[in-house]
Amino acid sequence: MSSEAQTIVSEAPVAAPETKSMSIIVTKGSLDWAYPPFILATTAAAMGLPVTMFFTFYGLPLLLKKLDLQLTAAGNPAMKMPMMGAHMGLPNILTAIPGVDAACSKMMKNLMDKKGVASIEDLRELAIEAEVRMIACQMTMDLFEYSLDDMIEGPELGGAATYIECATQADINLFI
Amino acid sequence: MADHTLDAKGLNCPLPILKARKALKEVPAGGTLEILATDPGSVADFEAFCRQTGNELVEQSQDDKVYRFLIKHTAA
């Protein structure tokens, strides 16, 4: 046994007492669901809050170097897009046709671009610039066979305990 | 006359706020930043942003569809 004493120092950033902070658990990776966590994280950071994002399950691929986010109208009766002066949804049965999801995703991206909505790639870049702390769930990395080499620079690896420690310090904890 | 002007016209939430935050960093303490935006949500958002960050929203006006905000860099 080593006689050297070891000091374990927590790496979690400690905010000043008056500073509010926020954490977000990111669990979904479709185009539409990717927006709320990145919008809230970048905005909170811009308002001076230290922010931590914990990427788990289908949220984890949002850290991949190359994103090609898709959405599906299947099972989403609220997804109605403005078209020819009306709002049109897609019956579930049509969403099963090959190519329909890709077409819907492309339409949504075009619509977002037209309306001045940032891309997820841009928001992610802004989050990194704003020093948002990003934790990649180690268990999900193992489960879906990803390595940090597949991911953008910046995320650290962690598990439930890493997140809980962070959440106990944060004033706002969101699960998205 | 503002020290800096940020043209955020055509940008949607949260880009006007994110760009304003970046632009404010370039404004010396006591200086002012003028922001032009077309996002109607930016009215409530810049008020909240200033309350939260401690910067002063000096002026706010609207000319047709363009909203103008004048923020004084007063926060640390």
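The values are calculated or read from the model by the stated rules, or taken from the named source; none is laboratory data. Note that this is a predicted model, so its numbers are computed, not measured. Note that each Cβ is placed from the backbone with ideal geometry, even for glycine, and that neighbours are counted across all protein chains shown.
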Practice task
Would you please list the contacts, defined by Cβ atoms under 7 Å and residues six or more apart or on different chains, that run from a residue in segment A:110-130 that is within 10 Å of chain B (Cβ to nearest Cβ) to a residue that is outside any helix (DSSP H, G or I)?
Solution key: A:LYS115/B:ASN12; A:GLY116/B:GLY10; A:GLY116/B:LEU11; A:GLY116/B:ASN12; A:VAL117/B:ASN12
Exercise for the section: Select, from B:ALA37, B:ALA48, B:ALA75, B:ALA20, the only residue that is within 9 Å of the chain's Cα centre (by Cα) and facing chain A (nearest Cβ under 9 Å). Expected result: B:ALA20
Problem - Failed item in (1) closer than 24 Å to A:SER23 by Cβ; (2) within 14 Å of chain B (Cβ to nearest Cβ); (3) of a type in the set (Val, Ile, Thr), with A:THR140 passing the rest - result: (2)
Completion exercise
Note on segment B:24-46: residues more than 15 Å from A:THR43 (Cα to Cα) and touching a residue at least 40 places away in the same chain (Cβ under 8 Å) are B:VAL27, B:PRO28, B:ALA29, B:GLY30, B:GLY31, B:THR32, B:LEU33
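Which strands (runs of 3 or more DSSP E) does segment A:77-176 wholly contain that include 2 or more residues that are surrounded by fewer than 16 Cβ atoms within 10 Å (Cβ to Cβ)? Lay out the reasoning, then the answer.
Working: elements: A:81-83, A:86-88, A:133-137, A:156-158, A:172-175.
Fully inside segment A:77-176 and qualifying: A:81-83, A:86-88, A:156-158, A:172-175.
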Exercise for the section: State the number of residues belonging to segment A:48-66 that are out of contact with any strand residue (DSSP E or B) (no Cβ under 7 Å at 6 or more places or on another chain), within 14 Å of chain B (Cβ to nearest Cβ) and either surrounded by 21 or more Cβ atoms within 10 Å (Cβ to Cβ) or part of a helix (DSSP H, G or I) (or both). Expected result: 1
Practice task
Scan segment B:8-17 for residues that are crowded, with 17+ Cβ neighbours inside 10 Å and either more than 8 Å from chain A (Cβ to nearest Cβ) or under 13 Å from B:PHE69 (Cβ atoms) (or both) and report the count.
Solution key: 3
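Mind listing just one residue for me: the one in segment B:20-46 that is in a loop (DSSP other than H, G, I, E, B) and not hydrophobic (A, V, I, L, M, F, W, C) and, of those, surrounded by the most Cβ atoms within 10 Å (Cβ to Cβ)? Walk me through it before giving the result.
Let us first name the residues in segment B:20-46 that are in a loop (DSSP other than H, G, I, E, B), namely B:26-31, B:38-41.
Restricting the remaining residues to those that are not hydrophobic (A, V, I, L, M, F, W, C) gives B:26, B:28, B:30-31, B:38-41.
On the way: B:GLU26: 12, B:PRO28: 8, B:GLY30: 9, B:GLY31: 15, B:THR38: 16, B:ASP39: 21, B:PRO40: 12, B:GLY41: 14.
It comes out as B:ASP39.
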Practice task
Select from segment A:32-61 the residues that are touching a helix residue (DSSP H, G or I) at 6+ places or on another chain (Cβ under 6 Å), among the aliphatic types (A, V, I, L, M) and touching a residue at least 24 places away in the same chain (Cβ under 8 Å) and list them in ascending order.
Solution key: A:ALA34, A:ALA41, A:ALA46, A:VAL51, A:MET53, A:LEU60
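Taking segment B:47-76 on its own, how many of its residues are in a loop (DSSP other than H, G, I, E, B) and either surrounded by fewer than 20 Cβ atoms within 10 Å (Cβ to Cβ) or touching a residue at least 40 places away in the same chain (Cβ under 8 Å) (or both)? Spell out how you get there, then give the answer.
Our first condition is that a residue be in a loop (DSSP other than H, G, I, E, B); within segment B:47-76, this holds for B:54-55, B:64-65, B:73-76.
Add one more test, that the residue is either surrounded by fewer than 20 Cβ atoms within 10 Å (Cβ to Cβ) or touching a residue at least 40 places away in the same chain (Cβ under 8 Å) (or both), and what stays is B:54, B:64-65, B:73-76.
Going through segment B:47-76 one residue at a time, the tally reaches 7.
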Exercise for the section: Filter segment A:135-148 for residues that are modelled with pLDDT of 95 or more and over 16 Å from the mean Cα position of the chain (by Cα) and give the result. Expected result: A:MET139, A:ASP142, A:LEU143, A:PHE144, A:GLU145, A:TYR146
Exercise for the section: Could you check, for segment A:27-47, whether at least one of its residues is within 25 Å of B:ALA44 (Cβ to Cβ), within 14 Å of another protein chain (Cβ to nearest Cβ) and modelled with pLDDT under 90? Expected result: no
